[in-house]
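This report concerns only the one structure given below.
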Amino acid sequence: MSNQHFGKVMAKSGPNTLKQKCKEAGVDYWRALKRRQAGFYDNEIFEPGYMRSARKVNEITIYGVVYPNLQEAIRSLNPVASAKTISRWIKQGMSPEQAFRKIPNPGIASGSIYLITNKINGKKYVGLSTYTPENRLSGHAIQAVANYITGVESLHADIRRYGIDAFNIIQIDQGTTKEDLEEKEKMWIAKLETRAPVGYNQNRGGVSGGSNKR
């Protein structure tokens, strides 16, 4: 056997080949091969929890985090709208951040109106969500770090200034439809006087999915 032929055999069946690594890691060889052909690194190929469909095509960035594709982003962020609806919104020109936050028509099973308070200066923010208050506060923290809203009077500006631990969040109302939640959001913003500069709300509310960045 020539040295050249021996090298080819070892490349296919040697101890450091992809097939051997798959056998040692208990990973399906053909799935691993597809991942390698798609440009994945070894830590991604052999990570058990990595999603099977996480191919590096059509990458999408949401709040500063890069996902390999829309499906992987949906699995990670669990938005209210369906994958089909979000894809349609993005194709129509909506930003990924807006598409992942927006509440679709005709309504939702349940939702809440929440109140965020800055424990240092007392300023407040009213919002609507279909997530738990705690998850929504975490979402605001992620958006703040990503500079999603840059206005100096915004909630995100003070999260960057004081840190997320300076804020608390409570549920103050609830609703069962998109329209119901939007009307209640407007009512609470007016009642608690949370419009900037007294509070953090940049508009009168009632627009699910967020307003413009200003």
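The values are calculated or read from the model by the stated rules, or taken from the named source; none is laboratory data. Remember, it's a predicted structure, so these values are computed and weren't measured experimentally. For neighbour counting, all protein chains shown are included, and Cβ atoms are generated from backbone atoms with ideal geometry for every residue, glycine included. All accessible areas refer to the heavy atoms of the entire protein, side chains included, with ligands and DNA or RNA removed. Shrake-Rupley method; radii C 1.70, N 1.55, O 1.52, S 1.80 Å.
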Out of all the residues in region 68-93, which are open to solvent by 30 Å² or more (accessible area, probe 1.4 Å) and either in contact (Cβ under 8 Å) with a residue 60 or more places away in the chain or among the hydroxyl-bearing types (Ser, Thr, Tyr) (or both)?
-> SER76, SER82, SER87
Please enumerate the residues belonging to region 191-203 that are loosely packed, with under 15 Cβ neighbours inside 10 Å and closer than 28 Å to ALA81 by Cα.
-> ASN203
Any hit, region 145-166, residues being of a type in the set (Asp, Glu), open to solvent by less than 80 Å² (accessible area, probe 1.4 Å) and either farther than 30 Å from VAL66 by Cα or modelled with pLDDT under 90 (or both) = no
Hits in region 131-181 (condition: closer than 21 Å to ILE62 by Cα, in contact with a strand residue (DSSP E or B) (Cβ under 9 Å, 6 or more places away or on another chain) and touching a residue at least 60 places away in the same chain (Cβ under 8 Å)) | ILE142, ALA146
Can you tell me which residue within region 130-144, out of those that are of a type in the set (S, T, N, Q) and within 12 Å of the chain's Cα centre (by Cα), is most open to solvent (accessible area, probe 1.4 Å)?
-> ASN135
